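Everything on this sheet refers to the single structure shown next.
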Number of protein chains: 4
Amino acid sequence: MQSRSPSAARPGRPRSATADAAILAATREALVELGWSKLTLGDVATRAGVAKTTLYRRWSGKNELVVDAVAELFDELCLPDRGSLAADIEGVVLQFAAILARPEARGGLMAVVTEATRDDALRARIRASIVDRQKGLVLQGRSRAQQRGELPPETDPEESARTVDLIFDMVAGAVVHRTLVSGRPVDEEWVRGFTQILLRGLTAPS
Amino acid sequence: MQSRSPSAARPGRPRSATADAAILAATREALVELGWSKLTLGDVATRAGVAKTTLYRRWSGKNELVVDAVAELFDELCLPDRGSLAADIEGVVLQFAAILARPEARGGLMAVVTEATRDDALRARIRASIVDRQKGLVLQGRSRAQQRGELPPETDPEESARTVDLIFDMVAGAVVHRTLVSGRPVDEEWVRGFTQILLRGLTAPS
Amino acid sequence: MQSRSPSAARPGRPRSATADAAILAATREALVELGWSKLTLGDVATRAGVAKTTLYRRWSGKNELVVDAVAELFDELCLPDRGSLAADIEGVVLQFAAILARPEARGGLMAVVTEATRDDALRARIRASIVDRQKGLVLQGRSRAQQRGELPPETDPEESARTVDLIFDMVAGAVVHRTLVSGRPVDEEWVRGFTQILLRGLTAPS
Amino acid sequence: MQSRSPSAARPGRPRSATADAAILAATREALVELGWSKLTLGDVATRAGVAKTTLYRRWSGKNELVVDAVAELFDELCLPDRGSLAADIEGVVLQFAAILARPEARGGLMAVVTEATRDDALRARIRASIVDRQKGLVLQGRSRAQQRGELPPETDPEESARTVDLIFDMVAGAVVHRTLVSGRPVDEEWVRGFTQILLRGLTAPS
DNA sequence: AAATAAGCGAGACGGTACGTCGCGTCTTTAT
DNA sequence: ATAAAGACGCGACGTACCGTCTCGCTTATTT
């Protein structure tokens with residue numbers, strides 16, 4: 001979000017702390033009802049009980065606002081230890097899918113990613129707010145699996161980073177594609193099939 | 001696209017045949033320069049040397065126009081026989097990535113998919129124009145691999161369809177995510193790693 | 001007002017002829033109800049049953065619009081022959097005062113003159129639309145008075161022009177000041193006194 | 001201006017004496033540079049090195065502030081005895097014109113008068129601050145002329161008051177109109193012609 | 001000295017209007 | 001019937017000031 005020199009008691013009236021929360025909540029609400037393209041900042045301001053100018057004082061436009069509103073949704077992602085790599089993957093994939101199934105995430109995330117194809121600052125914001133946070137889950141899952149002996153320990157650290165990126169693209173990409181492009185649900189059956197291929201490969205005897 | 005009673009010599013001035021092509025080309029050009037959100041139909045019309053009315057006579061709005069403009073990009077996808085399943089996958093993934101690397105595809109495809117999250121008619125149009133065509137490649141690749149003996153023959157046809165969908169989501173999803181979200185190139189090294197996991201799984205000894 | 005290459009049948013939809021009239025009428029109406037400073041172009045557009053953009057297509061802002069709206073009020077000024085110079089002056093002064101007494105003129109004229117102190121283009125527009133038209137009345141009155149023998153004929157043309165300007169400033173200035181600054185009515189008694197001084201001077205035996 | 005119970009030593013920090021002067025000076029400065037309509041109170045505050053709140057504590061809005069700022073300009077008007085009525089008139093008219101020639105007066109005075117057409121309180125303020133002060137000059141000039149024998153003594157006091165008002169409207173109106181509407185200078189030649197007509201009338205042999 | 005009270009700077013706040021832009025429709029003349 | 005041209009109603013945009021409201025701080029008078 002926006003930041004300031006942290007604990008410097010700056011002069012003048014401080015920004016309303018409640019306004020931020022109200023605006024983000026209103027944004028998600030509007031996202032559900034209207035979708036990205038019909039969402040207007042004036043409407044968000046009204047819903048939040050806030051003047052349009054207040055909104056523009058904090059965010060520079062629709063994109064930045066929606067990134068922040070959507071990013072909060074992903075804060076709840078976590079990786080409880082379910083005892084095996086397969087179970088861990090299935091768990092986090094289902095969590096991720098549950099978030100994507102919510103209408104505010106569906107349209108909002110995609111729209112923001114779309115805009116980011118032309119806007120480097122926005123891409124950086126997304127990466128910082130959303131992507132990197134999730135990538136931590138992949139790291140965590142792998143080290144657990146290594147402790148359990150399900151995966152061999154790392155040798156080449158560069159190779160290791162590449163693999164994390166790859167896994168992340170495969171997991172997130174598949175779930176997003178299933179949900180948003182194919183438009184079909186990520187149910188337990190699908191997750192089982194996916195995990196199976198991810199772990200054992202297409203050529204393995206099912 | 002738009003259709004008419006096909007060969008009925010209707011009265012009045014016939015539609016300009018060149019206009020369609022000019023408009024689609026102008027759309028892709030504008031997509032490259034401006035991106036989805038800054039693309040305006042008035043601008044496309046001007047670039048195409050065409051009046052706005054002409055454009056609206058053929059497409060009902062921005063989304064429909066861009067779908068058609070982007071769909072043409074995927075016509076070139078094909079699956080030449082490279083002798084092994086792994087080589088076939090690598091080939092088609094690189095082709096797909098090459099298309100996505102073009103700026104008119106990056107923004108256009110995503111934008112259209114984004115809009116489709118709220119518009120069923122648009123989703124159907126996308127499925128017909130883009131998705132189903134690619135899914136055919138997966139089918140073709142599998143049957144070739146089965147003929148070579150790399151994969152076992154199908155038994156349950158329903159299970160078979162599910163697997164095709166799953167593979168498709170995994171391949172397309174990973175490439176799209178790598179390109180558009182992670183914003184990193186799909187190069188040969190990445191493709192090799194991806195194919196390795198897809199075929200043999202994470203747990204295989206590399 | 002705005003002008004075009006006159007009788008050239010230009011391509012495209014022509015501007016609505018009724019819109020101009022509706023807008024100017026709405027402007028005067030709003031001027032009466034709200035006064036200059038509270039008059040809003042959006043409101044004028046609404047009253048006129050016209051989009052705000054249509055209004056901006058024809059006038060570049062509040063000032064230009066109000067000048068035109070107010071200028072029309074002065075079209076009705078004329079100088080009927082009342083038989084003597086004194087009677088002619090009294091007649092036209094009363095007419096002028098009657099216009100200024102109308103609320104749309106009071107605020108509108110002054111406001112526009114005020115703005116013109118900083119805007120040369122606007123001043124030119126006012127001069128062309130309002131001032132020069134009235135100055136013709138002074139000329140007409142003088143030549144009639146000369147024909148009647150009430151005033152001597154002109155000799156020096158330059159001196160003549162200066163005198164017209166002077167008379168005009170004295171007549172218009174006095175009426176405007178009485179109405180708008182002193183805020184008192186221009187009634188018959190005032191007009192008689194004014195005409196007396198204008199014709200015979202302060203020092204004349206009353 | 002603003003008033004307080006005069007010499008009551010009230011508790012709390014007293015108002016800064018320098019702030020008033022700084023604000024009025026800043027107002028005139030801004031009036032010169034920007035004109036009435038582009039003058040903003042925020043900008044005036046900044047120029048004066050003062051917070052907006054300080055400004056609002058002293059004046060209730062733009063109009064009141066500008067009236068005060070402009071009124072000060074007219075304090076310098078006076079009527080030195082030049083020996084004859086004609087010379088006295090010429091003197092004061094030139095003084096008045098010199099003030100109106102200053103840009104802060106041009107826009108400011110007119111703007112304030114314009115606003116006053118809708119605001120009775122403002123009109124009263126103007127009358128008290130500006131108009132009545134000038135009207136005193138007319139009275140003074142007349143009594144001098146009567147002492148010199150240039151004008152007959154008053155008989156009817158009501159008629160007398162009416163004439164003062166009339167003369168005032170004629171003098172002030174003509175100068176203002178010449179300066180602000182006609183937009184031409186009040187030079188010595190113009191003043192001579194004006195005084196000639198005012199004293200001897202149009203029909204007098206020049 | 002401490003308490004109280006107002007003034008002051010800074011700047012965020014809810015509003016209103018601005019002038020612009022793009023949409024998709026409609027109206028004109030010319031093919 | 002289509003085409004190019006362009007005006008139209010509409011609605012959102014992002015900005016600028018308005019006049020008000022907190023803040024933390026300063027400067028007086030009153031206890």
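The values are calculated or read from the model by the stated rules, or taken from the named source; none is laboratory data. For clarity, every value in this text was computed on a predicted model and none was experimentally measured. Every residue, glycine among them, receives a Cβ derived from its backbone with ideal geometry; neighbour counts consider all protein chains shown. Side chains included, ligands, DNA and RNA excluded: accessible areas come from the protein's heavy atoms. Shrake-Rupley method; radii C 1.70, N 1.55, O 1.52, S 1.80 Å.
For the criterion of being closer than 21 Å to B:V93 by Cα, surrounded by 14 or more Cβ atoms within 10 Å (Cβ to Cβ) and within 8 Å of chain B (Cβ to nearest Cβ), A:V176 passes.
The residue that is surrounded by the fewest Cβ atoms within 10 Å (Cβ to Cβ), among those in the range D:190-206 that are at pLDDT below 95 and more than 7 Å from every other protein chain (Cβ to nearest Cβ), is D:P205. When we screen D:A87, D:A26, D:A22, D:A51 for residues that are away from DNA strand E (no atom under 16 Å from the Cβ) and either within 14 Å of chain C (Cβ to nearest Cβ) or without any contact (Cβ under 8 Å) to a residue 40 or more places away in the chain (or both), the only hit is D:A87.
Taking the residues in the range B:138-166 that are open to solvent by 20 Å² or more (accessible area, probe 1.4 Å) and aliphatic (A, V, I, L, M) as candidates, determine which candidate is farthest from B:G35 (Cα to Cα). Here the answer is B:L151. When residues in the range B:101-137 are screened for being surrounded by fewer than 19 Cβ atoms within 10 Å (Cβ to Cβ) and under 16 Å from B:L180 (Cα atoms), 3 of them pass. I'd like the full set of residues that are part of a helix (DSSP H, G or I) and either among the hydrophobic types (A, V, I, L, M, F, W, C) or touching a residue at least 12 places away in the same chain (Cβ under 8 Å) (or both), limited to the range B:29-45. Passing the criteria: B:E29, B:A30, B:L31, B:V32, B:L34, B:L41, B:D43, B:V44, B:A45. Against the test of being assigned to a helix (DSSP H, G or I), farther than 18 Å from A:G35 by Cα and among the small types (G, A, S), the options A:A105, A:A86, A:A69, A:A111 yield a single qualifying residue, A:A86.
For beta carbons closer than 8 Å, sequence separation of 6+ or different chains, a first residue in the range C:58-78 that is among the acidic types (D, E) and a second that is not in a helix (DSSP H, G or I), the qualifying pairs are C:D68/C:M1; C:D68/C:W59. Here A:E150 clears all of (1) out of contact with any Lys or Arg (no Cβ under 8 Å at 6 or more places or on another chain); (2) charged (D, E, K, R); (3) within 11 Å of chain B (Cβ to nearest Cβ); (4) in a helix (DSSP H, G or I) except the condition numbered (4).
Looking across the range B:172-189, just one residue is in a helix (DSSP H, G or I) and of a type in the set (K, R), and that is B:R178.
Of all the criteria given as (1) more than 24 Å from D:V186 (Cβ to Cβ); (2) within 8 Å of chain D (Cβ to nearest Cβ), the one not satisfied by C:L166 is (1). Those residues that are surrounded by fewer than 17 Cβ atoms within 10 Å (Cβ to Cβ) and part of a helix (DSSP H, G or I), I need them from the range C:73-83; list them, please. C:D75, C:E76 - these are the residues of the range C:73-83 that are surrounded by fewer than 17 Cβ atoms within 10 Å (Cβ to Cβ) and part of a helix (DSSP H, G or I). Only one entry in B:V113, B:V138, B:V92 is in contact (Cβ under 8 Å) with a residue 40 or more places away in the chain and out of contact with any Cys (no Cβ under 6 Å at 6 or more places or on another chain), namely B:V92.
If you go through the range D:30-55 and keep only what is at pLDDT 95 or above and of a type in the set (D, E), you end up with just D:D43. Does B:S182 satisfy the criteria of being more than 7 Å from every other protein chain (Cβ to nearest Cβ), free of Cβ contacts under 8 Å to residues at least 40 places away in the same chain and hydroxyl-bearing (S, T, Y)? Here the answer is no, as B:S182 does not meet what is asked.
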